[in-house]
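Down below is the structure, laid out as structure tokens.
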Amino acid sequence: MRREGPGDAGRSGRTHAAEAAAPARTADPYGGTAVDEHARSPAAAGFLGPTPHRGVLTSGSADQLAALTARAAAAPSACVQFVEGDRLRLYGSWGVAADWDEVIHTDLESSLGGIVVRTGQALVVTGDRMPAGIVREHGGAYLGYPVHDRMGLVLGVCFAYDHRPRQWTAEQIAAVAEAADVATLLIGEQLARHELEQQHRFLDAVLDSLHDGVAACDADGRVVFVNERMRRLWGDSPVEDVTGLADGSGMSLRREELGLFRALRGERVRDEPIAAHGRSRRTRFFLMDAQPIRGLDGRVVGAVQAVQDVTRQRRAERFRSCELAVTTALAGTPSIEAAGPRVLEAVVATLDWVHAELWMVDDGTIRAAARWSTPGWPSGIPVPERLAYGQGLAGRAWQVDKPLWIRDVGRPQSLISPDTSADRLHTALAIPVHDGSGPIGVLTVFADSVEDPEDELVALMSGIAAHLGQFVERRRVEDLQRQLTRSKNEYLALIGHELRTPLTSISAYTELLREADEPTLVRDGPRLIAVIERNTNQLREIINELLELSALDAGHADVRRTPMDLAEVVREVVDRARVAIDGAPVVIDADLPGELILPGDRDRLRHIVENLLGSAVRFSPDGGHVAVSLRSTGRAAELAVSDAAGDVPHAEREQLFTGHFRTSRGHDRVLPGSGLGLTLSRAVVEKHHGSIELTGGDSGTTVLVRLPLDVR
């Protein structure tokens, strides 16, 4: 569509012919006339219209237009030229073979075509000669009209010429004017198509750059447009090819219930969630918008649908929910074994996998602490109770201390045994669990399909493993705090009892001495003073042991290891103990070598033997035997002190070395104790790079001390 106004080139041929027949002014110096068609044009003001794209007026159509112009004007030659820079370029021609070099590129400043372009007016030349540089140096006739665009700007010239002088008739002038109008119409149409194509390209580029998939269909439901995102999501024909769609309830969607077809029925769809299962069986989640496209009469002429992939957002939400479920499970349970099933259930549900296991490092192996399989999954997956270091998936993850992703555990040479996989488990992921000291366990999950590694899943599992490690460490700290509080209370109670007993005796016997008369003092004084002295020594011993134990724990005590005869030390302690319990219903049996030399602190080792022998005597029942043996085994000396009391339960054995626990199985004998003997003994033995432990059975309990025979 052309616009009316100054520079209008869309007038009819009859109008041009009438104006051509009117009196015209002379176009000197060429001996022709210029038809005053425009009062003023953009070209006359010194502005030329934009150069048309080369594809606007194809050479074929321009040649045909030039041929029609030549025939209509009864001229031997005709041309269509467009402005390019400071020249006129030939786009179409007829009968110009001999003049090709002159018309292919024409100077805009010194040519008749340039006059037409600059003035925006038709130019009629009928003189006896053709100006130089136009076609030929000798006479001829020229009839040219400007070619405009839709805005009225001059783009070029359509002209006919003859090498012989001639008069142009009104019909011939009208024919060239109509040819220029046709060129203008062609340019307008081609420019419109060009602009429409550009708009389409821009629109396609914009739609292809969207993160949303966009598709459109016509009124019959045929897909007419699909952007690049939609192709990547659902293929080249998303509506025709997508199957297996499901809504939030899991019900399958029929083809006519999809967004495009619902929109064709006049329905507007906004943010409707849908889910699709791809070839990898992994569910993808989308939000769908759709609406009808209506024509001017209001009828539905098509529909458009936009689909946004929200899988990552949904997965992120599920990951957060999983972490919350794991945190909740851990918060309400006392141990990792109790929390394990709930943690694994949350992991399996989040990943949409089928099986998970939690392994914990224990006594140099890794044991299965918990396991979980998705409901409905065939049970009976054999899981070993323990794995050695580096054995199996859990053992290997413990060994390498990094995440392991196995794409298919069913393949040969897999870390998973064929009995475990049984052609049902495929992808496996193992994540080490750490506390502050290092790996303490492994979290493993399994899928029933082959999955490629995903950093997001590894990051999620690593985060859950970190929660488990923090839980174990936190529970350990809490247990230590409880043990410390309990031990402190027991220690204070024990020490208070042990200190109060001799103090009570000292106070009571001192009071007796103060109130006794002279005969009583003479008769009972030595015995009362002996009791006071014995309790004073016991009190001093308790204080010394406390100070010694504190010094050993703090590293302030100096253990001097020099060659000594341990057999001699033990023999001396046994002899003194026999004298001390003379008359008591307990027998001390000794099996000692003549000599056993080792590096050690003589005084501290003697104190250990005294403590161990004193405890055995106190805990042995009447008529019982206390056995003391010493021998060398390999590169160590073994000192065993056994009593005849019942065996100490396993749960109490380690507590006896804390210094804050006393078993109730003992009998108070002549040799009282401070309750710190075993604690102090362990501290001294460890300073000698040895070990001490409790063993025994129904016949009694044995304290076994091992000391190295050589210097370490």
For the stretch 446-456, state whether one or more residues are open to solvent by less than 60 Å² (accessible area, probe 1.4 Å), modelled with pLDDT of 80 or more and touching a Pro at 6+ places or on another chain (Cβ under 8 Å).
no
Take the residues in the stretch 143-165 that are open to solvent by less than 10 Å² (accessible area, probe 1.4 Å) and among the aliphatic types (A, V, I, L, M); name whichever of them is nearest to V83 (Cα to Cα).
L155
Report the residue count in the stretch 434-467 for those that are within 18 Å of the chain's Cα centre (by Cα) and part of a strand (DSSP E or B).
3
Give the residue that is nearest to the chain's Cα centre (by Cα), with candidates limited to residues of the stretch 55-110 that are under 14 Å from A183 (Cα atoms) and open to solvent by 50 Å² or more (accessible area, probe 1.4 Å).
T58
Take the conditions modelled with pLDDT of 60 or more and out of contact with any Ser or Thr (no Cβ under 6 Å at 6 or more places or on another chain) and apply them to E257. Does it pass?
no
Answer with yes or no whether D212 is at negative phi, surrounded by fewer than 19 Cβ atoms within 10 Å (Cβ to Cβ) and in contact with a strand residue (DSSP E or B) (Cβ under 6 Å, 6 or more places away or on another chain).
yes
Being open to solvent by 10 Å² or more (accessible area, probe 1.4 Å) and not in a helix (DSSP H, G or I) narrows it down to one residue among V307, V361; which is it?
V361
Restricting attention to the stretch 329-347, and to residues there that are aliphatic (A, V, I, L, M) and under 23 Å from the mean Cα position of the chain (by Cα), which single residue is surrounded by the fewest Cβ atoms within 10 Å (Cβ to Cβ)?
A329
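Suppose we keep only residues that are among the basic types (K, R) and more than 18 Å from D591 (Cα to Cα) within the stretch 607-646. Which one would you say is most open to solvent (accessible area, probe 1.4 Å)? Explain how you work it out, then say what you get.
Within the stretch 607-646, the first condition is being among the basic types (K, R), and the residues that meet it are 618, 631, 635.
Keeping just the survivors that are more than 18 Å from D591 (Cα to Cα) gives 618, 635.
Numbers: R618: 38, R635: 165 Å².
Among those that are among the basic types (K, R) and more than 18 Å from D591 (Cα to Cα), it is R635.
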For the stretch 286-299, check the following and say yes or no: at least one residue is within 30 Å of V458 (Cβ to Cβ) and at pLDDT 70 or above.
yes
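Only one residue in A170, A175, A219 is among the small types (G, A, S), touching a residue at least 24 places away in the same chain (Cβ under 8 Å) and open to solvent by less than 30 Å² (accessible area, probe 1.4 Å). Which one?
Details: A170 fails: open to solvent by less than 30 Å² (accessible area, probe 1.4 Å); A219 fails: open to solvent by less than 30 Å² (accessible area, probe 1.4 Å).
Sole residue among the options that is among the small types (G, A, S), touching a residue at least 24 places away in the same chain (Cβ under 8 Å) and open to solvent by less than 30 Å² (accessible area, probe 1.4 Å): A175.
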Any residue at all in the stretch 281-296 that's open to solvent by 40 Å² or more (accessible area, probe 1.4 Å), touching a residue at least 40 places away in the same chain (Cβ under 8 Å) and part of a loop (DSSP other than H, G, I, E, B)?
yes
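The values are calculated or read from the model by the stated rules, or taken from the named source; none is laboratory data. Remember, predicted model here, so these are calculated numbers, not experimental data. No Cβ is skipped: glycine too gets one built from the backbone with ideal geometry, and neighbour counts run over all protein chains shown. Note: accessible area is taken over every heavy atom of the protein model, side chains too, but ligands, DNA and RNA are not part of it. Shrake-Rupley method; radii C 1.70, N 1.55, O 1.52, S 1.80 Å.
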